[in-house]
Amino acid sequence: MDEFDALFRRLAQSRFRSRFRLDPRERAYADAKGRDTIARHAGDFIAAGLAPAQPRNDGRQTPMRGHPVFVAQHATGSCCRSCLAKWHGLPAGRALTAPEQARIVALLMRWIDRQMGHVPPPPDPLSPDQPPSGPSLTS
């Protein structure tokens, strides 16, 4: 079990977080665009909407539906800075580091993969493509 699996267990205990699922349109969008494009979108959304110390419209910046990443953000407690503080121990009021952003994107993609029925191979610890290790999102 890794840190994301432990977080998914905690999130499953939340009636609000556990109700999120990709609807058919979001699944079709993810299929049409492909995993790499969805991951790029996730990175862009996190960089623009969560990474700043004081995100614009914080607490209201992430729509509840319309894109697989938006749904994943709500399902994983990665939708606003207060949720990042509560679920991931990442305090509001300071910019997110590049490793923190990469870990959030990896978490979102893990949730989307699970929703899409994809089981990615275990990460290769020697691969330079792995997100940098840094502070745990589940601390």
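The values are calculated or read from the model by the stated rules, or taken from the named source; none is laboratory data. Because the structure is predicted, anything quoted here is derived from the model rather than measured. Neighbour counts are summed over all protein chains in view; Cβ atoms, including those assigned to glycine, are modelled from backbone coordinates with ideal geometry. These area figures cover heavy atoms from the full protein model, side chains too; ligands, DNA and RNA do not enter into them. Shrake-Rupley method; radii C 1.70, N 1.55, O 1.52, S 1.80 Å.
Classify the stretch 1-90 as rounded, prolate or oblate from the Cα gyration tensor: take a ≥ b ≥ c as the square roots of its eigenvalues, call it rounded if a/c is under 1.5, otherwise prolate when a/b beats b/c and oblate if not. Taking the square roots of the gyration eigenvalues as a ≥ b ≥ c, the stretch 1-90 is oblate.
Of the whole protein surface, residue 3 contributes about 50 Å² of accessible area at a 1.4 Å probe radius. Here the simple spin-label model places points 7 Å from the Cα toward Cβ, and for residue 48 and residue 126 these points are separated by 3.9 nm. Per-residue surface analysis assigns residue 41 an accessible area of about 40 Å², computed on protein heavy atoms at 1.4 Å probe radius.
How about the stretch 35-77: which trypsin sites (Lys or Arg not before Pro) there lie in a loop by DSSP and see at most 14 other Cβ atoms within 10 Å? Walk me through the numbers before you get to the answer.
Working: sites: 35, 40, 56, 60, 65; in loops: 56, 60, 65.
Passing sites in the stretch 35-77 are 56, 60, 65.
Rounded to whole numbers, the Karplus 3J(HN,Hα) couplings from phi for the stretch 5-21 are 4, 5, 5, 4, 5, 5, 5, 5, 7, 8, 4, 5, 5, 6, 7, 6, 9 Hz, using 6.51 cos²θ - 1.76 cosθ + 1.60 with θ = phi - 60°, and x at Gly and Pro.
Here the stretch 20-64 is treated as an ellipsoid with the same Cα gyration tensor; its semi-axes, largest first and in whole Å, are 24, 14, 6.
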